[in-house]
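Every read-out reported here was derived from the displayed coordinates using simple, explicitly stated rules and does not represent laboratory data. Source: prediction; values computed, not measured. Using ideal geometry, Cβ is built from the backbone for each residue, glycine included, and neighbour counts are taken over all protein chains shown.
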Amino acid sequence: MNWLSAGEIVAIIEDGIETWHRENADRAPDAPILTERSRSIRRLNDYRPDPAEIVRELVTVNTEMWHEQDKVRSDRDEVLLRAIRNISPLNQHRNDLIEELDENLLGAVGTSPAPAPAAEGARDAAAGREIAEVIEAAIREWHTETAARPADHVIVTEQIRTRKAFGVHREDLKAVAAELAKTNSEIWHQEDVVRTDIDHAVVAAVRNMNPLNCHRNDLVEEIDEIILDQSGKGETETWKPSEA
C-alpha cells in the first residue's frame, strides 16, 4: 500500500500552515477568499491518487477556516457576516477533502471490514434501532416544543453554556442521545437562519451556534465515555444532572 506515514503527514501539515501564513501575511482584510474550486461539490469516488496533494489542500482550507472563525468572534457585525458567508462553502470543501482522503485510503487498502459474527451483529442492530427510536422521538419533541416558542425565546441557556468536566458522565445513554438529537436540531435550525439574507438574524444565529457547538461536542464526548465505561475500557465517573 503506497500511503503516508504519520511523520510525513505531520511534515505536510507544518509546512502547509507555515506556507499559508507567509503567502497571506499582507492580504487585505476584505480580500476574496472563495474560489470556484472551493464552491464546487466533489463527486463521490472521484479522488486524486496522491494523498499528499489532498492533505496539503486540506491543511490550507483548515487554516483559512480557523482565521475566518476568529473573525466570527468579532463585535463588528459586518466582519462577522463576511466571515460566516465564507465559512459555509469552506466547510463543505473541507468535508469533501476529508471524504476524498477516506476514499483514497480505502482504494489503497483495497479491502472492506470483516463482517461481525451473526449473534453480535443482531445484538448491535437491536441496540442501534433502540437508539434510532430515541433520536426520532427527541426530534419530534423538539419540533413540537419549538412550534410554540415566543419571539424572545432564549436558546442558549446556562446549562448549554456550562462545559462538561472531562471523564465525568451520566449513566443513561438514551438520555444523552436524546439531548444530542435536540441540540443537533437546534444547530441545524440556526444554520438555516445563517443562510438567509437578513443580516441581524444571521448575526443572532451565529452568536447562538458557538455555545451550541461546544455543547454538542461535550455530548458526543459524554457518549464516548459511557460506551467506553460500559465496555470496561474507561476510567470515568458518573454524575446526575441538576434539577435546575
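Quick check: Cα centre of the stretch 1-58 to Cα centre of the stretch 159-216, how many Å?
Here the answer is 29 Å between Cα centres.
Quickly work out the residue 214-to-residue 195 label distance, labels modelled 7 Å from Cα along the C-beta direction, and quote it in nm with one decimal.
So the two model labels end up 2.7 nm from each other.
Considering the options 51, 69, 17, tell which one lies farthest towards the positive end of the dipole of the stretch 6-109, charges being +1 on Lys and Arg and -1 on Asp and Glu at the Cβ, about the Cα centre.
Final value for the positive-end residue is 69.
With the crude spin-label approximation of a point 7 Å out along Cα→Cβ, what separation in nm comes out for residue 88 versus residue 8?
About 3.8 nm separates the two model spin labels.
Taking 8 Å as the Cα distance limit and 6 or more residues as the minimum spacing, I'd like the relative contact order of the stretch 6-109 as a percentage.
Worked out over the stretch 6-109, it gives 37 percent.
Compute, for the chain, the length of the dipole vector about the Cα centre, with Cβ point charges of +1 (Lys, Arg) and -1 (Asp, Glu) only. Units Debye, rounded to 20.
380
Of the options 203, 223, 90, report the single residue whose Cα projects farthest towards the positive end of the charge dipole of the chain (beta-carbon charges: Lys, Arg +1; Asp, Glu -1).
203
Suppose each label sits 7 Å from its Cα in the direction of the beta carbon; what would the residue 127-residue 75 distance come out to in nanometres?
5.0
Number of Lys pairs in the chain with C-alpha atoms less than 18 angstrom apart, excluding same-chain neighbours closer than eight positions?
For the chain, the number of qualifying lysine pairs is 5.
Sorted from fewest to most neighbouring beta carbons within 10 Å, what does the list 21, 189, 215, 169 look like?
Exposure proxy ranking, most exposed first: 21, 189, 215, 169.
Cβ under 14 Å from residue 143's Cβ, residue 143 left aside: what net charge do those residues give with Lys, Arg +1 and Asp, Glu -1?
-2
For the chain, what is the relative contact order in percent, using Cα pairs closer than 8 Å and at least 6 residues apart in sequence?
Here the relative contact order equals 19 percent.
Assigning unit charges at the beta carbon (Lys, Arg +1; Asp, Glu -1) and nothing else, what dipole magnitude in debye, to the nearest 20, does the stretch 6-109 show about its Cα centre?
360
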